[in-house]
Amino acid sequence: MSVLELNGVSKVYGDGPAEVRALHEVSLTVDEGELVAVMGPSGSGKSTLLTIAGTLEAPSAGEVVIAGAAVTGMSRNDRARLRRRSIGYVFQNFNLLAGLTAAENVALPLELDGVPAKVAREAGVQALEELGLRERSGSFPDELSGGERQRVAIARAVVGDRRLLLADEPSGALDSANGEAVMRLIRTACRRGVAGVVVTHDAQLASWADRVVFLRDGRVVDQTAPAAGPESLIAPGR
Amino acid sequence: MSVRYALLALLSEGPKYGHQLRQEFEARTGEVWPLNVGQVYTTLQRLERGGLVESDGDEEGPQKGFRITEDGEAALAAWLHTPPDLSSPPRDELVIKILIAVQVRDVDVHEVLQTHRRYLVQLMQEWTRLKEHAGDRDLGFALAVDAELFRLDAVVRWLDAADGRIKRARLDRLEPADGHLPKSPRKALVRP
Amino acid sequence: MTVLTSDRPAEVKGRAGGGAPARRAVVRWGWRLFRREWRRHLLIISMLALAVAATIVGLGTATNAAKLSADPEFGTAATILSLRGSGPQLSDDLEAIRARVGAIDVVAHQEVAVPGSVSTIDLRDQRPGGTFNGVTLRLDSGRYPTGPGEVALSEGASKLLNIKVGGMWTANGQAWHVVGTVENPLNLQERFALVAPGHVVPAATVSVFTDWHPVPGDGLQLPSRAALHIISRGHPSTAAVDALVLALGTLGLLFVGLMAVAGFTVMAQRRHRALGMLAAVGATDRHVRLVLLADGAVVGGVGALAGAVVGLAAWFAFVPALSSLAGHRIDRSALPWWAVGAMLLLATLTAVGAAWWPARAIARTSVVAALSGRPSPPQPAHRFAAAGTLLLAGGLVLLFLSRPGSEHPRAPMIVTGTLAIPVGLLFLAPLSIRLLAAAGRHTGVAVRLALRDLVRYQARSGAALGSVTLAVGIAAAIAVSAAASDAPQPVGNLPTDQLMVHLSPNREAEQAPPLSGDQLQAVTTGLQQIASDIGARSVVPLEQAYSPQAGLQPAHAGPRGRTVPAGYATTSLSRITVSGPGIDISTMNPLYVATPSLLAHYGIPASAVDPTADVLSARTDLQGLKIFTPELRGGQASSEPGTASNAPRAPKISSVEPRIQTLSQLPLYTSAPSILLTTGAVQRLGLGTVPAAWLIQAAGPLTDTQIQTATTAASALGLYVENRDEQASLAPLRNWSTAVGVLVALGVLGMTVGLIRSETAGDLRTLAAAGASSTIRRTIAGATSAALALLGAILGTAGAYAALLVWHRSDLSPLHRVPVVNLAVILAGLPLLAWTGGWLLAGREPPALGRPPLE
């Protein structure tokens, strides 16, 4: 069942001579449990795709459907609710609110949705524990290392009943070991049924996805076929 | 060549039997590097002839025991510290194909590039999947997969760079023809 | 992924807002935000508090300095009737008045000469708690006199006589026991002695206070047919002061509001990201607003409260000083409470509004822009400039139409006009910043960077510039109006370091008693003794001219109970008008002979005096006056026009149109020898000279004790000392206001620049990492603050001048007096000080070079 559907989405910034076409009739479907990577050079429209998928921006044309609901025509409040209930975000930077502890950061979307503080906090601590961060649940973001911060961000992105996980260069500022750990966590989340979209220019990161979509000048130009089984590589003689 | 030193490395841990050597070699380098039985024994014989290992009997076969000599340890250490020869570029088929594609008319280089990129990324996806399934249990395997991934990644990055470079070269070649000269060429020149 | 599916309460599913838990979570984050950024908040709080406190003190001063609760002379009475103080029918007359006008207060007066001084003391029997004049009497210490032989003195009288409570005072041959100190709270300078009712015997005059208002054709007839002098008070006009307070109150409100806006807009930039984050996680617009509103309410409330506490404390501490400056008692509670209350409310509201602004920006643009932390694209400066010009012009027109100086100023126009002018200036800020940046295009990288950042972050630099402009504008307005209103004030009779010793008790007597050689010798020796007793530097003898034909005039009774001794009628510079049979002589200025010693005293070489000149003076208002000398024996010249024209024979006089030479070295004091008759003129007019007075020049301002010593000694010599009259002058108050205004402007500037600097710490870190020396950092900070200060000073001064031109439109002449020093301090000193301050404060290496703070 598809969680995210983009149908013919275009995005134009500015007008007249300053017009910039960031996306041009992009269509993309991400199913439950599927992890899709969007790859492309800088300026190819990757981040715009992600913000539109995350309802942070409205497309100039085309249709966005998330978990069966058409985003076009939703009120700002409805979109905010959709975000805190169904969509988890992991950004390259500025992931956490500085004034809240790790657990509170994780619990924030639940609290914003009306879950009592105590219950939400317990859920937050539990989510952190699953990511091996239980002992850091009381720490403030500036007391955490970069990798830990990103893991807290993932915990926040998947806490509750999230359907869609969106990540923008999630391991951008991290070393490869930490980056791999982050991708493993995203992978695990997808295995549990979350639909994931990772935007990156890094092939190693993209290779964690079930499917890699190539974006160029705002258009989808290609995508990899769903991967074959893991044994295909091990051939005698290599 | 490196099978030789891999066997020496295994023997540096202590005396081992031939069949044991073969199993451990396979285990440590992972399934990435499968060997046949004969290769192990021929290499061992060669090592013995060179005086880098000693055997404990004349009996040929898997039950024969081997131990490393002092010369062998010295040779192993020397090899580990000697960087491989990377100074002369290997003849890369992909590079040649792209170089030719640029020359050929009616061929969209970007499409060629993308085809190769897709292929490479697909390969990488498969390796990543292997790594994911293996988890952190098998260090040697993970290292070997990483090596492969980084190699493929390097090629993808080269493709990305080539993509950009070709695009810029095309634009540069087009611009004068279209008459889009910079309005003030002198000013443009003065800029560092 | 089912971490919490079962725990989600089903009933909140339908709500978009998330209910109370969401609000709690959001407010908790707001509170944490406040705690984390308390230093920056502290800066905003202190900015607000400073603005509120400054406005409270300013409003209190403006309301109370010039405005009295009642007339210092009339009290609450409308009319004062003056009668001769003695006569058998006085009580009948008073009864008749009472029957005619109702309630009255009756006060008997007697003028008491102070030996050795030209001053006199008014002895009166005012009853404490009178119906109308009760407000003009207050007991400071001791008690009110109740019986015969008891008196209470005002502070001035007590000083003049050198008698404290418990002492004895002999006046007009009667001994009085001093039992208390009293004052006229509406005029602290008033010099009088209070005795119990009915104990002024004999009374010279009797004043009757009543709220009766004389109507033309409906006069008062006394049974005794005695002369009755009626003075009525016009309706008190406080309109001008009220208009000023209104304008000031409005400015104060705007100032407070601007400070809040400036503070929050400067901070908003960094918040954008966090708020975008919050929105990305799923907070609704209302949630985002809630955080900021809570933050603004806390900051505004705390700032307003702190400002009120500081302002009221400062006001209470300032009231005694203000009382003595203004010359009347000031009630501590006499603050325009409506304005104070409105200001506190507004401080909170503007802080809330200013805090809410970033949330509005996020709601208006997009979460993505907020997340990226890009400054919102600056609005076109010319559009702002057009709006600003329009507002400025509109404000000036409104102020022009509001008739601020008239009886009925139009309050709404004053408020709107005063608001529109600074807001218009605020709108001109972006353009002026741009112009400055364009002017600084070819400067070094540090200055260029500082200016460009001011342009790029227009929202925050604009608000900062606005508050600096307003602060400077207020300071400039105070300075300019102080200069405008300072000069018309009388310069006083004498400087504080001079004494005049007269031969005649009466300055206006125009009659100089001749002295024999021995007498002159004795007087001169005595004066030398006085001069050495009080440590004076020099004694300059002053001579006056007289006509030898006129001869000695007889002694006669002068005003204020003094007797003018026999002497020569002296020459004066007067206005003489011949009307029918009589001659009116008015505006009599005593003329002193320009003796070489007097000229030397003022540092004027004899060669500087034009030999053809008759009169020397620094004054420029002497046109049309003539040298006037009575020439007829027995004829009596008097300043009373009626007397002159009613005399049986017109006195023979000589009047000469003088040639006046202006010498700026001469003083302007009214009693000092300021108008001199040249020796040449004395010869040409065939006049004689006679010693009339001596000028004692002290080394410094004279103390009460020194004056007392001189007066006692002069009394023994039969001379009369004149010293500076204590006059209430608001001049020091204005100087203080200017200083405080500049200080507040500097404070605002400092805080604003501090705030901007803390916001650009990241840039500085980058620069430091790029190897910029501390000089560059210092230059950037210095240039930022100096640019804001310079623009603020220019805009503020221009705005102030524009507003004052309109305010004073009926008479622009006061504005010709430009307070050059004050304006130079504002226009050049402020930017210089700002540069220095920025330079000094930016020296420290920014902390944590490697690790930028988490956003």
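The values are calculated or read from the model by the stated rules, or taken from the named source; none is laboratory data. Predicted, not measured: the structure shown is a model, and the values here were computed from it. Neighbour counts run over all protein chains shown; Cβ positions are idealised from the backbone, glycine included.
Scanning the stretch C:347-376 for residues that are more than 14 Å from chain A (Cβ to nearest Cβ), part of a helix (DSSP H, G or I) and at pLDDT below 75 returns C:357, C:358, C:361. Please enumerate the residues belonging to the stretch C:696-711 that are among the polar types (S, T, N, Q) and in contact with a strand residue (DSSP E or B) (Cβ under 6 Å, 6 or more places away or on another chain). If the condition is that a residue be among the polar types (S, T, N, Q) and in contact with a strand residue (DSSP E or B) (Cβ under 6 Å, 6 or more places away or on another chain), then C:697, C:711 are the ones that fit.
Each row is one residue, and each column tells you yes or no for (1) polar (S, T, N, Q); (2) assigned to a helix (DSSP H, G or I); (3) under 18 Å from the mean Cα position of the chain (by Cα); (4) within 13 Å of chain A (Cβ to nearest Cβ).
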residue: B:99; (1), (2), (3), (4): no, yes, no, no
residue: B:107; (1), (2), (3), (4): no, no, no, no
residue: B:110; (1), (2), (3), (4): no, yes, no, yes
residue: B:118; (1), (2), (3), (4): no, yes, no, yes
residue: B:129; (1), (2), (3), (4): no, yes, no, yes
residue: B:142; (1), (2), (3), (4): no, yes, yes, yes
residue: B:147; (1), (2), (3), (4): no, yes, yes, yes
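Return only the number of the condition from (1) farther than 15 Å from residue C:118 by Cβ; (2) of a type outside the set (A, V, I, L, M); (3) outside any helix (DSSP H, G or I); (4) modelled with pLDDT under 70 that residue C:765 does not satisfy. Failed condition: (3).
Checking each residue in the stretch C:275-323 for being away from chain A (no Cβ under 14 Å), farther than 18 Å from residue C:740 by Cβ and crowded, with 24+ Cβ neighbours inside 10 Å picks out C:296, C:299, C:300, C:303, C:304.
Scanning the stretch C:108-121 for residues that are crowded, with 21+ Cβ neighbours inside 10 Å and either charged (D, E, K, R) or under 17 Å from residue C:81 (Cβ atoms) (or both) yields one hit, C:108. Scanning the stretch A:90-133 for residues that are assigned to a loop (DSSP other than H, G, I, E, B) and of a type in the set (Val, Ile, Thr), we see that the one that is farthest from residue A:148 (Cα to Cα) is A:115.
Exactly one residue out of A:176, A:137 is of a type in the set (Ser, Thr, Tyr), within 14 Å of chain B (Cβ to nearest Cβ) and out of contact with any strand residue (DSSP E or B) (no Cβ under 8 Å at 6 or more places or on another chain): that is A:176. The strands (runs of 3 or more DSSP E) found entirely in the stretch C:655-730 include none that carry 3 or more residues being of a type in the set (Phe, Trp, Tyr) and modelled with pLDDT of 85 or more. A count restricted to the stretch A:102-132 and to residues that are modelled with pLDDT of 85 or more, more than 9 Å from chain C (Cβ to nearest Cβ) and more than 28 Å from residue C:369 (Cβ to Cβ) stands at 7. Selection of the stretch A:211-222 for residues being touching a Lys or Arg at 6+ places or on another chain (Cβ under 9 Å) and in contact (Cβ under 8 Å) with a residue 40 or more places away in the chain yields A:212, A:214, A:215, A:217, A:218. Look at the stretch A:80-98: where a residue is more than 27 Å from residue A:2 (Cβ to Cβ) and facing chain C (nearest Cβ under 8 Å) and a partner is acidic (Asp, Glu) and not in a loop (DSSP other than H, G, I, E, B), sitting 6+ places away or on another chain with Cβ atoms under 7 Å, you get A:98/A:142. Looking at this structure, is residue C:654 of a type in the set (Ser, Thr, Tyr) and within 12 Å of residue C:571 (Cα to Cα)? Considered against the rule, which asks whether it is of a type in the set (Ser, Thr, Tyr) and within 12 Å of residue C:571 (Cα to Cα), residue C:654 comes out as yes.
Can you go through C:49, C:103 and tell me which one is in contact (Cβ under 8 Å) with a residue 24 or more places away in the chain and part of a loop (DSSP other than H, G, I, E, B)? Spell out the reasoning first.
Values: C:49 fails: part of a loop (DSSP other than H, G, I, E, B).
The conditions single out C:103.
For the stretch C:329-340, the criterion of being at positive phi and not in a helix (DSSP H, G or I) is met by no residue. Among the numbered conditions (1) at pLDDT 85 or above; (2) within 11 Å of chain B (Cβ to nearest Cβ), the only one that residue A:237 does not meet is (1).
Filtering the stretch C:129-139 to residues that are of a type outside the set (S, T, N, Q) and surrounded by 17 or more Cβ atoms within 10 Å (Cβ to Cβ) leaves C:130, C:132, C:134, C:135, C:137.
Only residues that are part of a loop (DSSP other than H, G, I, E, B), crowded, with 22+ Cβ neighbours inside 10 Å and in contact (Cβ under 8 Å) with a residue 60 or more places away in the chain were counted across the stretch A:39-71, and they come to 4.
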